Every structure is written in C-alpha cells, then in structure tokens.
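Peer 1: Have a look at the structure that comes next, please.
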Number of protein chains: 2
Amino acid sequence: MTVICVLTTGDQEFSVRRARRADVPHLVALLADDPLGRGRETAELSAYEAAFAEIDASDEQLLVCLTTSSDEVVGTMQLTFTRGLSHGGGLRGQLEAVRVHSSYRDRGLGRLFVQWAIDECRGRGCELVQLTSDRSRVDAHRFYERLGFVDSHRGLKLAAPAH
Amino acid sequence: MTVICVLTTGDQEFSVRRARRADVPHLVALLADDPLGRGRETAELSAYEAAFAEIDASDEQLLVCLTTSSDEVVGTMQLTFTRGLSHGGGLRGQLEAVRVHSSYRDRGLGRLFVQWAIDECRGRGCELVQLTSDRSRVDAHRFYERLGFVDSHRGLKLAAPAH
C-alpha cells in the first residue's frame with residue numbers, strides 16, 4: 001500500500017499514498033469534478049495513463065492519493081520538486097492539481113492534506129513551497145493563506161497549443 | 001558551443017545556448033543584480049555549482065545563457081517541463097529566473113528571448129507556458145502580457161526552511 005502518512009480528523013483516518021496506475025480513473029474523476037476542471041478534462045483515459053507513467057517514473061515528481069480506511073480515493077495532489085540556480089541553488093516544491101472530493105470537505109481534511117505536503121517538501125529540503133491558484137478560486141486563496149502561504153506573486157499563463 | 005537559437009536585434013546577434021559549469025559565476029552575478037535578487041543570492045559559489053550539476057543532469061530542466069557574439073553571458077533563464085495529470089495529461093513549461101543584463105535591455109532582446117522560450121516549450125509539446133512574477137515587478141507584468149501571457153492566477157508562496 002506504501003502509505004506515506006496517516007491523517008486523522010474527527011474519528012476518521014485517511015491515508016496519503018503514492019498513486020498507482022489503477023487509481024487513474026478515480027484521479028481523473030476528481031480533477032473533472034470541479035468548476036474549472038469540468039471543461040478541460042475530456043481526454044481519453046489512455047492520455048491520462050500515459051501521463052501517469054511519465055510522472056511515476058520521475059524522481060522530481062510525486063503524485064499522491066488521499067484515501068479512506070477502505071482505500072477509496074477521495075483526494076489527490078501532484079508535487080514537483082525543482083532545483084533552481086536562484087535562491088542560493090535552492091530546491092522548491094510546487095503543488096498542482098490539489099483536490100478533495102466534495103463529500104469530504106469542511107472537516108479540516110484539506111488542511112491536513114496540504115500541511116502534509118508542506119512537511120513532505122521540507123523533508124526533501126525545499127526552502128520554498130509554491131502554487132498558483134485561479135483568481136476565481138477565492139475560497140482556496142483564504143484556505144492557503146490560513147496555512148501560511150503569502151499572495152506575493154502574479155501567476156501568468158500562456159496557452160501554447162502546438163503549431 | 002551547442003547554440004540553440006540565434007536572436008538578432010538591430011545589427012547585433014545574440015545566441016541562446018545551454019549553460020555550462022563555467023558559466024555559473026556569471027549566472028549568479030546576473031541573478032544578484034536585481035532588486036529582489038540582491039538580498040537572497042549570498043550563498044557560496046559551491047552551492048550554485050552543486051545546483052547547476054543537478055539541473056544539468058535533469059531531463060526535465062533546461063538552463064540557458066543568452067550570449068553576445070563573443071560569448072559574453074548577458075542573460076539567463078531556467079525552463080522546467082512538467083508532465084501533469086490535469087489538462088488531459090498535458091505538459092507544461094515553466095519559466096524561472098529570467099534575467100537580461102541591465103546594459104542589454106530596452107532593445108527588444110528580452111522579448112526575443114522569452115519568445116524563444118515559448119517556442120521551445122511548444123516544440124517540446126507543452127500546452128501551457130507559465131511563470132510567477134513578484135507583484136512589485138510591474139514592468140515585467142506588462143512585458144509578459146504583451147507577449148500573450150494572461151494574468152489569470154495568484155502566485156502563493158510559503159517559505160519553508162528546514163525544521
């Protein structure tokens with residue numbers, strides 16, 4: 001099962017574990033069950049499986065599932081660890097695609113999940129943890145700020161479809 | 001020399017090439033010659049050399065120098081290519097630590113340099129190019145927006161010094 005961490009909220013236990021190929025359909029369902037994800041997670045499952053294989057093979061990435069005690073997947077997050085030359089040659093952790101299933105929100109689970117991610121980044125030597133969040137996700141910004149994130153940067157994106 | 005691209009502005013030619021270990025002191029000087037970099041680029045050179053070795057060994061990273069025709073280093077940029085599960089298993093390119101020497105600004109060189117980076121990301125199959133920029137860099141935001149970047153996200157950061 002390769003459990004990385006157990007998170008306890010109320011009287012329920014949840015686990016953070018490395019994602020497996022068999023989780024991919026569940027992870028895609030979580031990504032799609034979202035106001036922004038709904039419109040963009042429409043690819044064939046094979047595209048996600050190919051992406052999973054690449055992520056899983058990378059030392060610089062960690063894709064995790066948040067699961068119930070019966071191993072139901074109720075959350076996900078992708079962590080990327082990037083060495084930079086700036087900041088004294090520092091390592092930075094980046095969080096992407098953070099999701100907790102709507103039935104499992106409002107009980108402090110998301111907070112524990114992100115706090116785990118911060119600790120994981122620290123444990124790997126990151127000096128900075130960063131993420132970008134769409135301006136429309138106002139609740140998410142408050143959530144991250146309560147966890148200590150500082151809204152110091154603009155996140156600029158350019159859609160670059162292949163020629 | 002492994003020149004990746006030649007950029008011409010006015011009657012001068014510049015090259016984009018992969019960074020080498022011998023470039024590290026020049027790259028650090030560029031990173032430090034900056035209102036924000038001044039306070040944080042104070043590590044020993046050995047820390048930067050170790051970081052360089054790690055970046056250079058990674059298939060997911062490309063650290064480049066922008067050089068004059070006599071191979072003087074006048075700019076730098078770090079590109080990171082990250083496969084994600086979201087966006088249909090898409091690849092995204094991230095730009096970090098973009099710098100052009102103050103003596104070589106205001107001649108359109110930065111614009112050509114970032115346009116090269118966008119093309120490089122596209123060529124590697126990225127569907128999205130992203131970066132974060134400190135809120136204080138107002139000129140930089142205008143510069144990136146003119147290149148097609150959209151200021152759609154908040155960039156949240158958390159300093160996470162080791163326990």
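Peer 1: Which one of these is within 9 Å of chain A (Cβ to nearest Cβ), farther than 25 Å from residue A:42 by Cα and surrounded by fewer than 18 Cβ atoms within 10 Å (Cβ to Cβ): B:106, B:139, B:71, B:59?
Peer 2: B:59
Peer 1: I'd like the full set of residues that are in a helix (DSSP H, G or I) and touching an Asp or Glu at 6+ places or on another chain (Cβ under 9 Å), limited to region B:45-59.
Peer 2: B:48, B:52
Peer 1: Then there's this: So which residues in region A:128-163 are farther than 30 Å from residue B:115 by Cα, touching a Lys or Arg at 6+ places or on another chain (Cβ under 9 Å) and not in a helix (DSSP H, G or I), if there are any at all?
Peer 2: A:147, A:149
Peer 1: Another question, if that's okay. Checking the conditions here, which among B:129, B:114 is under 22 Å from residue B:62 (Cβ atoms), in contact with a helix residue (DSSP H, G or I) (Cβ under 7 Å, 6 or more places away or on another chain) and modelled with pLDDT of 95 or more?
Peer 2: On the way: B:114 fails: in contact with a helix residue (DSSP H, G or I) (Cβ under 7 Å, 6 or more places away or on another chain).
None of the other options fit; the residue is B:129.
Peer 1: Same structure, new question: From A:32, A:43, A:50, grab the single residue that is open to solvent by 50 Å² or more (accessible area, probe 1.4 Å) and either over 13 Å from the mean Cα position of the chain (by Cα) or β-branched (Val, Ile, Thr) (or both).
Peer 2: A:50
Peer 1: Suppose the filter is within 11 Å of another protein chain (Cβ to nearest Cβ) and either open to solvent by 60 Å² or more (accessible area, probe 1.4 Å) or of a type outside the set (Gly, Ala, Ser) (or both); does residue B:83 pass it?
Peer 2: Taking the combined requirement at face value, the residue satisfies it.
The values are calculated or read from the model by the stated rules, or taken from the named source; none is laboratory data. This structure is a prediction, so every number in the text was calculated from the model and none was measured. We place every Cβ from the backbone using ideal geometry, glycine too, and count neighbours over all the protein chains shown. Please note that ligands, DNA and RNA were not included when accessible areas were found on the heavy atoms of the full protein model with its side chains. Shrake-Rupley method; radii C 1.70, N 1.55, O 1.52, S 1.80 Å.
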